[in-house]
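Okay, so here's the structure we're looking at.
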Amino acid sequence: MASKERFDFAHGDDHSIKPGAKRIANVIDWPVAVTAQCPPAPKDGRGLQPAQDDSSPSLLTVKEVAGRLKLSESWVRRHLAELRVIRVGRLLRFDPELISTQFRSTIETGNSLKPERKIMSRYQRGSVVARGRKGKKVWYGKFREDVLTPDGTLRKQRLVRLGTISEFPTKNSARNKLAEIMGSSDRATVMDMTFGELAERWEKAEGPTKKSSSMIHYQNAIRMYVKPVFGERKIAGITREGIQIFLAEKAKKYSRSALKSMRTVLSMTLGWAADCGWLPNNPCTRIKLPRETGGKHITRALLKPEQIASLCAKLEEPYSTLVWLIAATGLRIGEAIAIQWEDINKDGVLSVSRRIYVGDSDEVKSLSSVRRLPLDPALLDRVRSLKAKFPKGDWVFQSTSGTTINPGNAMKRYIHPAAKNLGIRLGGYHDFRHTLCTNLRRSGTHPKVVSGILGHKKVNLAMDVYDRVGVEDFAAPLSAVVKELVSSGIKSETAA
C-alpha cells in the first residue's frame, strides 16, 4: 500500500489517499523538479497505473537523508524548513536528486555539515542567602560570572553583598537586587586580572624591548608609587576618574617629575592591556597632571667662570678634574664617569659611547648621544695626569679600589660641601651642563652645534630646556632700542 501511495502521488492521482489526509504541506520546487522526472504511464483496465520501474528514483526517508548527509535524524527534523521536504499525511519524504543538488559539495568531499544552531547563553538566577546575627542579617547573592583571563574565558563564582534585611525585607526583593547586579543573562565578560599581575606580565613581555636603564626607572615607579594603590585592584575596575584622583592625591607630596613617571607607567601598562584585548580602551589616555605639586623642586643655577674655577681648586682629585671636564664639555655625569683611557685618542679627541647607570655600564641615552668631542690641550693634560695618580683600572675617574666612582656619593660628600663652603648655590651636576649651553648661545654658537655638543636628538631641546636667559641678556637689545629712540628724537628736534 505504501508503494501504491507513492506511485499515485508521484503521478498526481488522489484516489488512493485516505479522505481527510493532507496531500502536500510543504513542497519546495517539487512540481517542476519531480513531475519532470515522472512521465505519465498508460492505465490498465481498472484505471490504475502500473508501478514504476526500478530505474526511477524513489523518495528518501528521514533516516536515509541523515545517512547521506552524515548527520543525525534529529538534525534533519530541525532543519525541515531548509530542506526540500514532501509531506504525505504524517510521512516525511525527500527527493534524492534535489537533496544531492542542494548538498553536492558536502556529499562529494565526505564532510559532515556543521550545526547551524547558535549556542544559547547560559541562563541563571543565582541564589540569595541571609547571613549574620538576628536583627543584623545581611543579604548576600551568589552567581557565576564569565571572566576573561590571558589563558581564555573561565566561569567563576561571585559572592556579592546585596544589603541588610531592613533594606530588602523579603527574599524576593533580594533576588530582584541580585538580578540588577547580574545584569540579566547577557552580562558582559570581565577581565579577572589585578594590576600587580598585569605589571609582571608587562615587564616580562615589554622589558626586552626597552633600554635597561629606562626599564629600571619604570619598575621603580611601579613599585614605589603605583602598586601600593592599584596593585590588588582588578584592571577592569581602574577608571579614568580613579587615575585622576590618584594623581591629585600624590601631587600633595611629590614633584611634577614624579607625577609624570606615575602617569607614564600607568599609561604604558594599561595601554598594553588594551592592545592585548584585555581592556576595551586605555583609561589613562590624555590624563592631565595637577597644576599644584609638592615634593622637592630643583632650581638650576647659572654658574660664573670664577665660581667653577674656585670650586675645582677646592676639590681633591679625581673630583676636581671631573667637575672641570663636565663644565667644559657639557657631558652628562653618567657619560663622564664611564670614560676609559682608550676613549681618548692621541689627538685628544674624546669618544662618548657609553654611560654608567646604577653602577653598571650601559649604552648612551640615544644615538645622538654618541659623539666625538675635541678636548682643549689644558684640559687634556689635566685629564691625562690622573693616569699616574690612579693606575689600577681602565676608568679615567675611579675610586681608590679601581672601580668607577659613585656620582651620588661624590656630590654628597665632596662637591656639595665644597660649594656650600664657597657660598655657591649648586643644584646638581646638570647645573654645569645648563651653564655651558647658555654661554654657547651668548657667544653666538649655532644651535645645531650646541645640540651636537650636548648630544641632543632635537636641536630646539637645548634652547627650550637647558638655555637660561638673565638680565644681562636683556641689557644689550634694550639699550639698542633706547639709542635708536634717542637718535630719532634728536633728529626731530633738529628738524624743528
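The values are calculated or read from the model by the stated rules, or taken from the named source; none is laboratory data. All values derive from a computational prediction rather than experimental measurement. Because the Cβ atoms are built from the backbone with ideal geometry, glycine has one as well, and the counts that use them run over all protein chains shown.
What tally of residues in the range 247-294 results from selecting those that are polar (S, T, N, Q), exposed (fewer than 15 other Cβ atoms within 10 Å of the Cβ) and in a loop (DSSP other than H, G, I, E, B)? Summing the residues that are polar (S, T, N, Q), exposed (fewer than 15 other Cβ atoms within 10 Å of the Cβ) and in a loop (DSSP other than H, G, I, E, B) in the range 247-294 gives 2. Hey, among the residues in the range 188-231 that are β-branched (Val, Ile, Thr) and part of a helix (DSSP H, G or I), which one's farthest from Ile243 (Cα to Cα)? Per the stated criteria, the residue is Thr209. Quick one: in the range 361-391, of everything that is free of Cβ contacts under 8 Å to residues at least 24 places away in the same chain and part of a strand (DSSP E or B), which residue is farthest from the chain's Cα centre (by Cα)? It comes out as Arg372. For Leu422, indicate whether it is in contact with a helix residue (DSSP H, G or I) (Cβ under 7 Å, 6 or more places away or on another chain), farther than 15 Å from Ala336 by Cβ and surrounded by 19 or more Cβ atoms within 10 Å (Cβ to Cβ). So Leu422 fails the test. Taking the criterion of being small (Gly, Ala, Ser) and either in a loop (DSSP other than H, G, I, E, B) or in contact with a helix residue (DSSP H, G or I) (Cβ under 6 Å, 6 or more places away or on another chain) (or both), the residues of the range 301-333 that qualify are Ala301, Ser310, Ser320, Ala327, Ala328, Gly330. Residue pairs whose Cβ atoms lie under 7 Å apart, separated by 6 or more positions or on different chains, with the first residue in the range 280-292 and among the charged types (D, E, K, R) and the second surrounded by 15 or more Cβ atoms within 10 Å (Cβ to Cβ) and in a loop (DSSP other than H, G, I, E, B), are Glu292/Ala251. The sole residue among Ser112, Ser74, Ser127 that is at pLDDT 85 or above, touching a Lys or Arg at 6+ places or on another chain (Cβ under 7 Å) and not charged (D, E, K, R) is Ser127.
What residue, among those in the range 295-313 that are aliphatic (A, V, I, L, M) and over 28 Å from Arg256 (Cβ atoms), is surrounded by the most Cβ atoms within 10 Å (Cβ to Cβ)? Taking the candidates together, the pick is Leu311.
When the range 354-378 is filtered for residues that are surrounded by 16 or more Cβ atoms within 10 Å (Cβ to Cβ) and hydroxyl-bearing (Ser, Thr, Tyr), the ones remaining, listed by number, are Tyr357, Ser369.
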